[in-house]
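The values are calculated or read from the model by the stated rules, or taken from the named source; none is laboratory data. Not measured: the values here are computed from a predicted model. Glycine gets a Cβ as well: all are built from the backbone with ideal geometry, and neighbour counts include every protein chain shown.
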Amino acid sequence: MRQLFVIGIGTGDPDHLTLQGMKALARAQVVFLLDKGADKAELVDLRRTLCERHLPSGSYRFVQLEDSARDASHASYTTAVEQWHERRLLAYEQAFERELGEGDTGAILVWGDPSLYDSTLRILNGLQARAKVAFEYEVVPGISSPQVLAARHKLPLNAIGGAVHVTTGRRLARGWPDGVDDVVVMLDGECAFLQLDEPGLEIFWGAYLGSEHELLRSGLLAEVKDEIARVRAAARSEHGWIMDTYLLRRRGGR
Ligand SMILES: C[S@@+](CC[C@H](N)C(=O)[O-])C[C@H]1O[C@@H](n2cnc3c(N)ncnc32)[C@H](O)[C@@H]1O
């Protein structure tokens with residue numbers, strides 16, 4: 001039976017890879033990489049660096065898959081994402097069939113942790129349900145961006161006994177979630193925080209967390225939001241891509 005490891009690799013620091021991740025990686029003969037285009041070449045490079053650092057050369061090979069982008073013009077965001085994931089599913093299916101022999105072990109290196117805003121586990125479950133290629137897989141957890149954000153700002157994400165809400169910029173733009181004072185926001189390409197004007201809100205922001213380009217800002221949202229938007233735009237144009245995450249906190253709760 002083909003065996004796969006889905007390994008969370010952390011968010012940009014090669015030292016984020018856990019010992020468990022290293023052991024799983026060392027068992028792989030094939031490492032699958034999703035090519036997300038020239039803009040995001042750095043993200044693929046980090047995966048290559050991890051393998052070069054932790055695996056004896058000649059013990060594995062890379063198989064690169066083209067990742068076509070989501071159709072941003074589609075009226076329904078959910079449908080566009082589903083169609084994009086369907087294309088990824090087919091790419092993985094063909095690659096497993098072609099590149100992994102019976103009894104071989106492969107690895108998929110997932111940014112951060114595979115449980116958080118990542119399609120890999122959904123795709124592998126879908127592939128097993130289709131049953132065209134037989135394989136088993138294990139998941140190795142990784143360090144996720146909210147964890148690195150909390151570590152950099154030296155903060156617990158929750159108030160004592162409180163809840164933490166993890167959401168996307170797209171959802172935050174529709175309004176503050178009910179019943180929570182602490183909100184972690186990911187996947188926010190549009191700076192949804194700029195629309196919030198509730199007094200007393202604090203923001204703890206981080207971009208390129210764990211990497212050499214890391215940026216951090218924090219303070220009262222009203223005082224720092226314009227600066228964050230400015231720094232974000234400049235960094236994005238310098239590097240060609242950006243990933244940022246932030247915690248919004250109601251000071252002292254409601
Ligand atoms: C597709 S999701 C992947 C999340 C990932 N699985 C995790 O555990 O962090 C991408 C989003 O994660 C966040 N992210 C990932 N890496 C980051 C980093 N190095 N610094 C800041 N945010 C990051 C950003 O919000 C980005 O838009």
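Here are the numbers:
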item: Qualifying residues in region 129-141 (those that are touching a strand residue (DSSP E or B) at 6+ places or on another chain (Cβ under 9 Å) and surrounded by fewer than 14 Cβ atoms within 10 Å (Cβ to Cβ)) - the one nearest to residue 8 (Cα to Cα); result: 138
item: Residue in region 206-223 that is surrounded by fewer than 19 Cβ atoms within 10 Å (Cβ to Cβ), in contact (Cβ under 8 Å) with a residue 12 or more places away in the chain and part of a helix (DSSP H, G or I) present; result: yes
item: Residue that is farthest from residue 96 (Cα to Cα), among those in region 37-73 that are aliphatic (A, V, I, L, M) and in a loop (DSSP other than H, G, I, E, B); result: 72
item: Number of positions in region 128-150 that are in contact with an Asp or Glu (Cβ under 8 Å, 6 or more places away or on another chain), charged (D, E, K, R) and closer than 30 Å to residue 211 by Cβ; result: 0
item: Region 183-196 residues that are away from the ligand (no atom under 12 Å from the Cβ), paired with ones that are of a type in the set (Ser, Thr, Tyr) (beta carbon under 7 Å, 6 or more apart); result: 183/167; 193/246
item: Strands (runs of 3 or more DSSP E) lying entirely in region 77-182 (those with 3 or more residues that are within 16 Å of the ligand (Cβ to nearest atom) and under 24 Å from residue 65 (Cα atoms)); result: 105-110
item: Neighbours by Cβ (under 6 Å, 6+ apart or cross-chain): first from region 99-111, touching a residue at least 12 places away in the same chain (Cβ under 8 Å) and more than 11 Å from residue 4 (Cβ to Cβ); second of a type outside the set (A, V, I, L, M) and within 16 Å of the ligand (Cβ to nearest atom); result: 109/47; 110/8; 110/118; 110/120
item: Of residues in region 183-205 being in a helix (DSSP H, G or I) and touching a Leu at 6+ places or on another chain (Cβ under 7 Å), the one nearest to residue 156 (Cα to Cα); result: 193
item: Residue satisfying all of: in region 41-67; exposed (fewer than 14 other Cβ atoms within 10 Å of the Cβ) and hydroxyl-bearing (Ser, Thr, Tyr); nearest to residue 26 (Cα to Cα) among these; result: 59
item: Exclusive hit being farther than 17 Å from residue 149 by Cα and either without any contact (Cβ under 8 Å) to a residue 12 or more places away in the chain or buried (at least 18 other Cβ atoms within 10 Å of the Cβ) (or both), set 178, 244; result: 178
item: Verdict on residue 200 being away from the ligand (no atom under 15 Å from the Cβ), at positive phi and small (Gly, Ala, Ser); result: yes
item: Members of region 1-36 found to be assigned to a strand (DSSP E or B) and farther than 17 Å from residue 135 by Cβ, listed by number; result: 8, 10, 33, 34, 35
item: Check on residue 248, among the aliphatic types (A, V, I, L, M), closer than 22 Å to residue 168 by Cβ and either modelled with pLDDT of 95 or more or within 9 Å of the ligand (Cβ to nearest atom) (or both); result: yes
